[in-house]
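Here is the structure we will look at.
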Amino acid sequence: MNVGIDLIHFATADFYLGLDEFAQQKNQDPNKYLVGIGQEKMSIAPPDEDVVTLAAKACDPLLAACDSSQITAVFFATESGVDQSKSAGAFLHGLLGLPNRCRVVEFKHACYAGAAALQMAVNSVRANANERILVVAADIARYDVDTSGEATQGCGAVAMLVTANPRILAVEPGSGYYTEDVMDFWRPNHRDTALVDGKYSTKVYLNSLKQAWAYFQEATGRGFADIQHFCYHIPFTKMAEKAHKQLVKLSNVEQTDADTLAQTQPSQIYNRVVGNSYSASLFVGFCSMLDHYAQKAHDLSGDRVGLFSYGSGCVAEFFSGVLQTGYEAHLFTKSHLAQIAQRKPLSYDTYLAYYHQPQPTDANITFDTFHTGPYRLAGIQDHKRYYLKTG
Ligand code: HMG
């Protein structure tokens, strides 16, 4: 039985900060960002947007295209969750009006949690074909102002319906994973911004790819030539390019730089203008790749996609899937393009004002309306978060 992604939709915030504007503020050459790390813009969440509202926005069109009363579980992956105890998935479950006969849980391991949730969902469906699992990965990447990480912020959410006989991607059995206890990027409980040893983190990412790729080949018998498209975790697009070049080298493949880029660049288009969305980032890249070819009416049915997830700390996994015949009819390309196009640019000062808005504390707070929907965080009263459906 094939199991995998039946539907997939991604959402991001309504605002962005251009890295040209950012470079000007920081007295840097814009090419450091545009070329050096390969980023143009980063999506910025206003104070009344969090991972729950982003996730709900990602789920809306997907639920409208399926029978949501049949959903048996919600697996919510995030590292910017809103409560130490209650799953962000439970807030989402309420906002979306999902059935009560439903398991809901939050997954965490840095950016790896999205892939972990997807794999757990796939295995649950393999065990019971009646399961229809909503996997959501949502994150808001926040670093301290005036640190090297500041240019690599962003936010986004991806919703995936995981079922038997999926219409988009059959996830193949077997994968290669790798774990090592390292401190390359972390966020202690008392902080709302991440700490990072930036250069070290890029080295650990590449080493994890090397290890996961070796295990993937051993476990599946599949190699580089069996895979047509490569999607990587994308903290910034240059990282994915470096990753793919390393994989080409490790695989002893003779190909031009142009061929190497063609295998992975379509998956970078959205991430280049959205920024890092942590656990969602790999799947934003997957949407980017699918939509890129859909716009060219280039059918990829039967092609194999290699997916590499990396979560600092660190856990990594390389796995693969095969695109199903007729998958293009089930994409949300127009919605993705419209969302990215309708975002409003922020000045650096407005970005800073959003950034410095009081984060949820013990105080009661009502948020001004910064964005119009379809969901927003209205306020916090008696330590409880209140959400509104506005769209
Ligand atoms: P930095 O110090 O700001 O930048 O740090 P830099 O000076 O190293 O420059 C970056 C690149 O731009 C260099 O190229 C420069 O040569 C080039 P490279 O040596 O890397 O090939 N450059 C230029 N190119 C053209 N024209 C110019 C120019 N100037 C410089 N004028 C760093 C960069 C990525 C370290 C920083 O942004 C950072 O700390 N980011 C956050 C950490 C991160 O994203 N790490 C990625 C791996 S870890 C990961 O992916 C997990 C993560 O998503 C979290 C999770 O798992 O939850 C982060």
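The values are calculated or read from the model by the stated rules, or taken from the named source; none is laboratory data. Predicted, not measured: the structure shown is a model, and the values here were computed from it. Cβ sites come from the backbone with ideal geometry, for glycine too, and all protein chains shown count toward neighbours.
Quick one: which of 262, 280, 258 is small (Gly, Ala, Ser) and crowded, with 24+ Cβ neighbours inside 10 Å? Lay out the reasoning, then the answer.
Values: 262 fails: crowded, with 24+ Cβ neighbours inside 10 Å; 258 fails: crowded, with 24+ Cβ neighbours inside 10 Å.
The match here is 280.
For every residue, the table says whether it meets (1) hydroxyl-bearing (Ser, Thr, Tyr); (2) touching a helix residue (DSSP H, G or I) at 6+ places or on another chain (Cβ under 7 Å).
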{"residue": "146", "(1), (2)": "no, no"}
{"residue": "155", "(1), (2)": "no, yes"}
{"residue": "164", "(1), (2)": "no, yes"}
{"residue": "175", "(1), (2)": "yes, yes"}
{"residue": "179", "(1), (2)": "yes, no"}
{"residue": "193", "(1), (2)": "yes, no"}
{"residue": "197", "(1), (2)": "no, no"}
{"residue": "202", "(1), (2)": "yes, yes"}
{"residue": "208", "(1), (2)": "yes, no"}
Which one is farthest from residue 354 (Cα to Cα), of the residues in the stretch 14-44 that are within 16 Å of the ligand (Cβ to nearest atom) and among the hydrophobic types (A, V, I, L, M, F, W, C)? 35
For the stretch 343-364, which residues satisfy the criterion of being buried (at least 17 other Cβ atoms within 10 Å of the Cβ) and not aromatic (Phe, Trp, Tyr)? 343, 346, 360
Filtering the stretch 130-161 for residues that are more than 18 Å from the chain's Cα centre (by Cα) and of a type in the set (Gly, Ala, Ser) leaves a count of 1
What pairs come up if the first residue lies in the stretch 96-107 and is aliphatic (A, V, I, L, M), the second is exposed (fewer than 14 other Cβ atoms within 10 Å of the Cβ), and their beta carbons are under 9 Å apart, counting only those six or more places apart or on different chains? 98/69
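Test residue 56 against the criterion of being in contact with a Phe, Trp or Tyr (Cβ under 6 Å, 6 or more places away or on another chain), closer than 25 Å to residue 319 by Cβ and not β-branched (Val, Ile, Thr), and give yes or no. Before the answer, list the steps.
On the way: in contact with a Phe, Trp or Tyr (Cβ under 6 Å, 6 or more places away or on another chain): yes; closer than 25 Å to residue 319 by Cβ: no; not β-branched (Val, Ile, Thr): yes.
Judged against the criteria, residue 56 is not a match.
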Could you please tell me which pairs satisfy a Cβ distance under 7 Å, a separation of 6+ or placement on different chains, a first residue in the stretch 345-371 that is under 19 Å from residue 23 (Cβ atoms), and a second residue that is polar (S, T, N, Q) and modelled with pLDDT of 90 or more? 348/25
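Filter the stretch 212-236 down to residues that are within 15 Å of the ligand (Cβ to nearest atom) and more than 13 Å from residue 202 (Cβ to Cβ) and give me whichever is surrounded by the fewest Cβ atoms within 10 Å (Cβ to Cβ). Can you show your working first?
Start the filter on the stretch 212-236 by keeping residues that are within 15 Å of the ligand (Cβ to nearest atom), which leaves 212, 231-236.
Add one more test, that the residue is more than 13 Å from residue 202 (Cβ to Cβ), and what stays is 212, 231.
Numbers: 212: 23, 231: 29.
Per the criteria, the residue is 212.
Taking the conditions exactly as written (in contact with a Gly (Cβ under 7 Å, 6 or more places away or on another chain) and touching a residue at least 60 places away in the same chain (Cβ under 8 Å)), does residue 74 satisfy them or not? Write out each step before concluding.
Details: in contact with a Gly (Cβ under 7 Å, 6 or more places away or on another chain): yes; touching a residue at least 60 places away in the same chain (Cβ under 8 Å): yes.
Considered against the rule, which asks whether it is in contact with a Gly (Cβ under 7 Å, 6 or more places away or on another chain) and touching a residue at least 60 places away in the same chain (Cβ under 8 Å), residue 74 comes out as yes.
Look through 173, 188 and report the one residue that is assigned to a loop (DSSP other than H, G, I, E, B) and either charged (D, E, K, R) or more than 16 Å from the ligand (Cβ to nearest atom) (or both).
Working: 188 fails: either charged (D, E, K, R) or more than 16 Å from the ligand (Cβ to nearest atom) (or both).
Selected residue: 173, the only one of 173, 188 that is assigned to a loop (DSSP other than H, G, I, E, B) and either charged (D, E, K, R) or more than 16 Å from the ligand (Cβ to nearest atom) (or both).
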